[in-house]
Amino acid sequence: MRWRPFLLALPVAAGCALTPISPLAEPPTISARIRDDGGVQLAVEQARTAFLAGQRFDRLDVTVLLAAPAGLWLRGSVGGDRPWYPASCVKLGFAIAATHWCAARSQGPDCLDEAVRPMLEVSDNVATGVVVDAITGATNGPVEGADLEAWLGRRLYTEDLLKSHGLLGGQRLANKTYPTNSGEMPQDLEKLALERHGRNSMTADGSALLMLALVSGEFGPAATDYLRGRLRRPRISPESAMGGGFPEGTVFESKYGSAYDTLAEIAHAELPDGRRLIVAAYSNGRDPDGPDDQDPSALAGFSRLLLERLDASRAGQ
């Protein structure tokens, strides 16, 4: 089931910004395994420039992590720190938080599978709302009479989890994607949360790091196995923007997002030759005035060029 999400863009009222849950700095994490690499950087830059030259859209921020010996990952990035409305890419964070919620109750990582599966496999917004309600314990309701600060604090469950692992980095992963189980658009407490905390926001750097944490077992081996299974899909799929650019035989795991002008994907790929890479890409490749269902494969050309440039870089070493 596919949905066209609703985004309510509202200014933050003066003095209404949320107080951070904790003033403590994020602890060092899996990011220590990442090294900036000139060869990967050049491949990303060249692939991006060549790809955008033939497109109707003009924005593409991307971060690439290439697995290297000794557990290291080599990084190249263009615009990786710029925030984007992530559309359904935010559901990767919600899914990780769902497995943590299950573990905290001494249950298997799939204890919310009835909702997590459609949230990840077909990006179902209603299922996403069910997940958010479950893990936060903060269902929507009227503002009057509510303990607003306590409700908002519970809605930050996913952000608090990522922050505790050093993975938040200024991103926002709190709001449902609409229409959802609580309505066609934000209302009541959910509307106020959007006003106070701001809309969801992710970066290519933060997204790539989140996927690396997941596939590296940061949240436990059971959660890794479960979520990688739910994220695995055919290369060419209605739920992938980049998969078509990878070679046949690639093991492809991703979360795709498409809403308004955002076309994005966070992908982990194991190539037939054994190489592994993570690609997080955010673009304005979706036509906001077009139909709800658009060709999702508009970034496949970039991933194809990226692999070509990475191959050329490896051959030149």
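Peptides 136-146, 299-309 ranked from most to least packed by the mean count of surrounding Cβ atoms within 10 Å: 299-309, 136-146. Extension gain for ALA103-ILE236 works out to 44.6 nm (0.36 nm per residue, less the C-alpha to C-alpha distance). Considered as an equivalent ellipsoid built on the Cα gyration tensor, the chain has semi-axes of 31, 21, 19 Å, the largest given first. For the range 231-310, the mean projected area of the C-alpha convex hull, equal to one quarter of the hull surface, is 4.7 nm².
Express the accessible area of the chain per residue in Å², computed with a 1.4 Å probe while the remaining protein chains stay in the model.
Working: 13240 Å² over 317 residues.
Per residue, the chain has 42 Å² of solvent-accessible surface.
Counting only protein heavy atoms and a probe of 1.4 Å, the accessible surface of the chain is 53% carbon and sulfur.
Separation of the range 217-271 and the range 90-161, taken as the distance between their Cα centroids, equals 21 angstrom.
The values are calculated or read from the model by the stated rules, or taken from the named source; none is laboratory data. Only a predicted model underlies this, so the values are computations on that prediction, with no experimental measurement involved. Cβ sites come from the backbone with ideal geometry, for glycine too, and all protein chains shown count toward neighbours. Surface areas here come from the heavy atoms of the whole protein model, side chains and all, with no ligands, DNA or RNA. Shrake-Rupley method; radii C 1.70, N 1.55, O 1.52, S 1.80 Å.
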